[in-house]
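Accompanying notes for the structure given below.
The values are calculated or read from the model by the stated rules, or taken from the named source; none is laboratory data. These figures come from a predicted structure and were not determined experimentally. Here the Cβ positions follow ideal geometry from the backbone for every residue, glycine too, while neighbour counts run over all protein chains shown.
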Amino acid sequence: MSGHIPQTGFVTTFHPNTRVPYTHAGQSYDIDYGFNTGGTAATRRAYRVITARSHNTGGVNVLFMDGGVRFVTNAIELTTWRSLGTRSGGEVANLP
């Protein structure tokens, strides 16, 4: 995370632990997508796609708003994963 960003978090745009390859000077990196034009005004927006990541094999631990923690696999249906990222869509989390 950047010290210049006043918040932390992630988005459910991609599956958990999605590899985002970037190569610079012959070296490959796994990064999060970011586009920054300053982010200081409506005409200078900053864009970030921060993937949920974990050192756990096969998925991530997710903290739900009811205080529960569940393991979510990298293979979760993308529509389900994206639904879990909303706060008022009325979706029901049918996780094992």
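Just for the range 1-38: of the residues that are at pLDDT below 85, under 12 Å from ARG53 (Cα atoms) and not acidic (Asp, Glu), which one is surrounded by the most Cβ atoms within 10 Å (Cβ to Cβ)?
The residue in question is PHE10.
How many of the residues making up the range 54-67 are surrounded by 10 or more Cβ atoms within 10 Å (Cβ to Cβ) and assigned to a loop (DSSP other than H, G, I, E, B)? Walk me through it before giving the result.
Residues of the range 54-67 surrounded by 10 or more Cβ atoms within 10 Å (Cβ to Cβ): 54, 56, 58-62, 64.
If we keep only those that are assigned to a loop (DSSP other than H, G, I, E, B) too, we end up with 54, 56, 58, 64.
Adding up the residues that qualify gives 4.
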